[in-house]
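Every read-out reported here was derived from the displayed coordinates using simple, explicitly stated rules and does not represent laboratory data. Quantities reported herein were computed from a predicted structural model and do not represent experimental measurements. Neighbour counts are summed over all protein chains in view; Cβ atoms, including those assigned to glycine, are modelled from backbone coordinates with ideal geometry.
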């Protein structure tokens, strides 16, 4: 069975019923090179709702409805009262949905009658398919295949209804009100009695409600007729097809850098180079162009196209996804250089007897400020790579910009040896934090970390654990005496356990870090500054001499026919609330238990 990825636009969510309703639009080209034609999709309702295509552990059901424009769905996670694996599994999935940890979706399908159209090498259009299941996933192949409004579960999101839809809702409510009214009156009639005072009050209220709903419905019907009379026909389009930019995220930023570097080699401005290579309507070309006269950014046909924020945004999106900082839910986001008040000690509260004086107590406060700190990297590239680069070379530039910064930030954020240096860098969240040695019992270690926060009166709601992929994988193999998983919901990519988030990174090595995210102040300007040079001389060292000494060796970019790309990003963090808001284990090398013998 193949997998396809849908663009989901959730329209309504019912937290009480654990229900997600929405619409799946026409799929984009996914990384497997498939385009799923919704016109040729078949299915048999209800289809199973799975987690990550695991057919052995269903989590609910989904109702699909095919339309000309796409596929609507209505998925339900059951509420299980009886303790067991199903209750644990569905509760964990629901928590992941509410926390935004689980935000993607995909379908499992089979191709029917070999109905495949090969559009070009590596790209095929699937004309006839059967959808067998709908899955919730963490990392879909199609970047846009996300549940965009799932984070609003606890906020009871609303919809913008059309006038006709609102009228229908009013009529439905009126019909329900009249039915309740008839039931009360019929009960009194059949019993050959008069209404009780309570029934009379209810009947009067229902009668008024029914009249109000009918009046409102008539008012909106009149409004709808006015809207119809004022409506202007839409000019027919030449085609129902639309062109979507399927450029991989971050590639636009890589092209932006390549254009800036190549323009130095060809003695043309960067916008001209980008136009020659990627076209006049490319986002890169528009980003590099400058207005030649005064313009206003609200005019869609004049200067507004020149204000294009997607270039840096694409790189930032990738960078955040690649770093632990971008994955941790609940960090306390603050601006740079702004004083943030924090409470360091609470008031003393005590029992007070009748006519006895109440105690007076003081509270202690402090202010925290995150100044500017920045990370930077210089990547030298040969002029030949830039001049003759193809899409794969663009990916090299993109990966160079993202990978090095992400790996550095992860280590700086978690390594206990990283201390704060005034005017240079923040301390890691583990520097000076409470610590203990890990044991051979992961469950005891995890509970010990949790008890640390309970003992120090720190809420455990929203607690986050950071560990290596190896230790997370070891947890996934751990079982209880009855064979049930000891850490359900945890795998090599992390997951959740008992409502707490588990994230993985090789940067933490054998440490296991637990912390309360809201005790971490985090500032990020949301941009990356890119500069290039063909004349700079560099010390080719990941830790250059500072200050420069007589023996420092430099390499000339001009002499080596190379181009230097410099990327900078302003970011800072700080642990508040004392050392106990973070605790980490050392030398954690949990191993999967040996298989039981029979």
The Kirkwood hydrodynamic radius of the range 163-226, taken as the inverse of the mean 1/r over all distinct Cα pairs, in Å, comes to 12.8 Å
Which of rounded, prolate, oblate describes the range 448-598, given a ≥ b ≥ c as roots of the alpha-carbon gyration tensor eigenvalues and a/c under 1.5 marking rounded, otherwise prolate only if a/b is larger than b/c?
prolate
Test of understanding: ordering 512, 47, 553 by Cβ neighbours within 10 Å, fewest first, what list do you get?
553, 47, 512
Expressed in angstrom, Rg and Dmax over the Cα atoms of the range 427-468 are 11.1, 30
Ranked packing of 565-577, 192-204, 53-65, most packed first, by mean Cβ within 10 Å
565-577, 53-65, 192-204
